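Note sheet for the following structure.
The values are calculated or read from the model by the stated rules, or taken from the named source; none is laboratory data. Note that the structure is a prediction, hence the values are computed from the model and not measured. Glycine also receives a Cβ, built like all others from the backbone with ideal geometry; neighbour counts cover every protein chain displayed.
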């Protein structure tokens, strides 16, 4: 989707600010959100691409102000709510109980937990035990499809319709993020590293002697014929 | 941001003493307690994961990899061929680094890593990324004007040095193998590991003796 998360090449964010002696987490809650999300990878509730896509669905203003782990918190809460695992109203109620010093047990009825083994969702990104036959080889010229789905994609907007050269063929069976994010299939396929000249991507704004190298699923690419 | 800090110990962030909590902290605590009560996660496991990332992993792991590559050409060849397998020789690896591509800086090619879509980073080798790596400014600018961004961050490269920006938007993670600096010829592997910085392994700095 064409969201604020797809930041490559945007203007308006100012200089890169480096914080000296930065802690791993800037607040306790950041570490908890990070670690809970990590622990989710064994629950079968959702996958990495669903997590990423949920972040993309934030409104743009919140995306920019909530911070990195604020986005993770948002994604986790909304996915758990939508899937009927932990509802937003329950979180609100627990906050109110904490304020009031009340202790209330959770209700286990009417909840999409535990996940039956046949509907468990794999978190991870790829699997090695399936053979794939790469369509492209190192040196091939490819044009990135002008693919603009409303849903999830890892095709960065700034390389759409650009021509580059395949430099690395990762011939393992990688899941296709565009479908896996919506649980409509893994569509295992190779991922290529494609090299684009600065001029191809940035036109008259390109800096001298720069190259952008982007990892792209096979379904994002067409063979470039001619020239 | 955690707001204030007290001066009586390094673990002050673990308790907020009734000061106004950020809303994210409030929601996170409520969510964690519900998940814990439901048996979906255990807070003890969450404690372990947090301390693992705070105390056990970090750029020192990557620095060991780089120092080994500088002192052992056979290891370096294996590292460039299959980053994850070579790191496993040093006992490094784990979740979220499915595949590691190590890219070598030379006198004529400089590599720098970004993820414009979220902030993908080789956690198991470098720890969690710094805030600047996750910032909108870095993510937006590193691909379009890398020369200027690097110069602002203190690394000015001549125009005849090619800059390769790796936008790591798939599940492949990148580690920059920096150039061994002049003056480091006589150093041992351990001494070399001490001078390799996180920023050099992202590609926004050079290693200095």
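A compact table of results
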quantity: Residue within region A:154-174 that is surrounded by 18 or more Cβ atoms within 10 Å (Cβ to Cβ), within 20 Å of residue A:46 (Cβ to Cβ) and not assigned by TED's automatic domain parsing to the domain that holds residue A:51 present; calculated: yes
quantity: Filter result for the condition that a residue is out of contact with any strand residue (DSSP E or B) (no Cβ under 9 Å at 6 or more places or on another chain), modelled with pLDDT of 95 or more and either surrounded by fewer than 15 Cβ atoms within 10 Å (Cβ to Cβ) or closer than 27 Å to residue A:38 by Cα (or both), over B:20, B:32; calculated: B:32
quantity: Answer residue from region A:103-133, given it is without any contact (Cβ under 8 Å) to a residue 12 or more places away in the chain and touching a helix residue (DSSP H, G or I) at 6+ places or on another chain (Cβ under 8 Å) and is surrounded by the most Cβ atoms within 10 Å (Cβ to Cβ) among those; calculated: A:104
quantity: Restricting region B:46-61 to residues that are facing chain A (nearest Cβ under 7 Å) and in contact with a helix residue (DSSP H, G or I) (Cβ under 6 Å, 6 or more places away or on another chain), the residue that is farthest from residue A:32 (Cα to Cα); calculated: B:49
quantity: Residue in region A:79-90 that is at pLDDT 95 or above and more than 28 Å from residue A:103 (Cβ to Cβ) present; calculated: no
quantity: Of residues in region B:62-93 being within 14 Å of another protein chain (Cβ to nearest Cβ) and in contact (Cβ under 8 Å) with a residue 60 or more places away in the chain, the one nearest to residue B:184 (Cα to Cα); calculated: B:80
quantity: Enumeration of residues in region B:128-159 that are within 7 Å of chain A (Cβ to nearest Cβ) and not in a helix (DSSP H, G or I); calculated: B:128, B:130, B:135, B:143, B:144, B:145, B:153, B:159
quantity: Looking only at region A:1-29, and only at residues there that are farther than 20 Å from residue B:137 by Cβ and under 22 Å from the mean Cα position of the chain (by Cα), the one that is surrounded by the fewest Cβ atoms within 10 Å (Cβ to Cβ); calculated: A:2
quantity: Boolean, residue B:120 is more than 8 Å from chain A (Cβ to nearest Cβ), part of a helix (DSSP H, G or I) and either crowded, with 20+ Cβ neighbours inside 10 Å or at positive phi (or both); calculated: no
quantity: Check on residue A:36, within 7 Å of another protein chain (Cβ to nearest Cβ) and either at positive phi or touching a residue at least 40 places away in the same chain (Cβ under 8 Å) (or both); calculated: yes
quantity: Selected residue (only one of A:142, A:115 is under 28 Å from residue B:30 (Cβ atoms) and either assigned by TED's automatic domain parsing to the domain that holds residue A:177 or in a loop (DSSP other than H, G, I, E, B) (or both)); calculated: A:115
quantity: Exclusive hit being in a strand (DSSP E or B), closer than 14 Å to residue A:214 by Cβ and more than 10 Å from chain B (Cβ to nearest Cβ), set A:191, A:166; calculated: A:166
quantity: Which numbered condition residue B:98 misses (of (1) without any contact (Cβ under 8 Å) to a residue 40 or more places away in the chain; (2) closer than 30 Å to residue A:115 by Cβ); calculated: (1)
quantity: Residue count for region B:68-86, restricted to those that are more than 16 Å from the chain's Cα centre (by Cα) and buried (at least 19 other Cβ atoms within 10 Å of the Cβ); calculated: 6
quantity: Members of region A:54-87 found to be more than 11 Å from chain B (Cβ to nearest Cβ), in contact with a helix residue (DSSP H, G or I) (Cβ under 7 Å, 6 or more places away or on another chain) and outside any helix (DSSP H, G or I), listed by number; calculated: A:58
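Every residue, every condition in (1) under 18 Å from residue A:8 (Cβ atoms); (2) within 18 Å of the chain's Cα centre (by Cα), yes or no:
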| site | (1), (2) |
| --- | --- |
| B:137 | yes, yes |
| B:145 | yes, no |
| B:148 | yes, no |
| B:157 | no, no |
| B:193 | no, yes |
| B:208 | no, no |
